[in-house]
Amino acid sequence: MKLPVLFLGHSSPMNAMRDTPYSRNWRRLGSALRQHYRGRIRAVLAVSAHWCTDGTAVTAMPDPRTIHDFGGFPQELFAMRYPAPGSPGLAAEIRSLLREHAVTADFGWGLDHGTWSVLCHLFPEADIPVVQLSLNVNLDAPAHFALARRLAPLREQGVLIAGSGDIVHNLRLMDWRAPDSTGNAYEWAQSARILVNGWLENGNTQALTDEAAYPPALHLAAPTPEHWRPLLYAAGAAASDEPLQIFNDDIIGKSLSMTSVVFGHDALFEAA
């Protein structure tokens with residue numbers, strides 16, 4: 001059975017400890033995945049915006065640490081742990097699939113907040129092994145997408161591929177006076193959200209990866225590439241004609257999107 005692919009708009013790490021419409025939908029999604037696939041999910045392969053490296057790496061330790069890669073948040077957030085096991089075996093499989101990329105086995109990273117702040121809602125029991133794949137800063141959008149295509153066979157081997165980032169992520173222009181407000185988003189942020197949603201719904205992977213043709217609104221939405229690139233991994237691991245379900249499709253603080261996507265199902269769960 002082929003597993004779906006996820007893209008999760010993770011936004012602030014505070015979502016890890018908050019009960020919000022977004023975290024409730026992640027919990028609904030996790031419950032639906034458990035119910036639909038039962039014991040067939042043997043591991044999660046996460047691609048987070050928060051692990052960028054010179055070259056490609058994959059976590060290969062049996063017990064990845066919980067990384068608190070942020071500052072200025074309550075102590076309760078720093079006290080959180082997500083003690084999911086790693087999977088050296090899956091790391092070896094990934095290195096074999098991507099052997100032409102000379103992927104490094106990493107034993108020092110762990111699970112950063114792009115991964116654990118959403119997985120703590122999807123799979124709160126932390127009983128499914130998790131491996132992270134880094135974002136190689138030397139690759140362009142087509143190369144990231146092509147690498148994700150190579151990972152697609154893992155879906156039929158019990159691996160849930162999950163990209164974690166944000167389609168719209170411009171912290172410089174964010175309204176910090178109302179960071180959780182869903183009203184009055186910038187026009188360019190809404191335009192980028194609608195444009196990208198349309199590309200996804202129509203399977204337009206050419207537009208998704210053609211960086212030279214991105215319109216100004218998308219450059220404002222993703223002024224740096226690290227939060228955008230996990231979407232390429234999710235879309236790349238999915239077939240262009242697969243159904244999908246978009247949820248959490250809000251922009252908060254005028255310039256940060258929560259948009260999340262399930263590739264491979266159009267109604268896996270009922271989102272609020």
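Of note:
- Boolean, GLU270 is within 18 Å of ARG150 (Cβ to Cβ) and among the acidic types (Asp, Glu): no
- Screening region 13-63 for residues that are among the polar types (S, T, N, Q) and touching a strand residue (DSSP E or B) at 6+ places or on another chain (Cβ under 8 Å) and picking the one that is nearest to ASP266 (Cα to Cα) gives ASN25.
- Subset of region 38-88 (residues that are over 25 Å from LEU139 (Cα atoms), touching an Asp or Glu at 6+ places or on another chain (Cβ under 9 Å) and assigned to a strand (DSSP E or B)): THR66
- Residue tally, condition under 26 Å from ARG24 (Cα atoms) and either of a type outside the set (S, T, N, Q) or in contact with a Phe, Trp or Tyr (Cβ under 7 Å, 6 or more places away or on another chain) (or both), over region 86-132: 22
- For region 100-109, the criterion of being surrounded by fewer than 16 Cβ atoms within 10 Å (Cβ to Cβ) and farther than 26 Å from PRO153 by Cα is met by at least one residue.
- Consider region 252-268 and keep the residues that are in contact with a strand residue (DSSP E or B) (Cβ under 9 Å, 6 or more places away or on another chain) and small (Gly, Ala, Ser). The one that is surrounded by the fewest Cβ atoms within 10 Å (Cβ to Cβ) is ALA267.
- Test for SER31: is it modelled with pLDDT under 95 and touching a Phe, Trp or Tyr at 6+ places or on another chain (Cβ under 9 Å): no
The values are calculated or read from the model by the stated rules, or taken from the named source; none is laboratory data. What you see is a predicted model, and the numbers here were worked out from it, not measured in a lab. Note: ideal-geometry Cβ built from the backbone for every residue, glycine included; neighbour counts use all protein chains shown.
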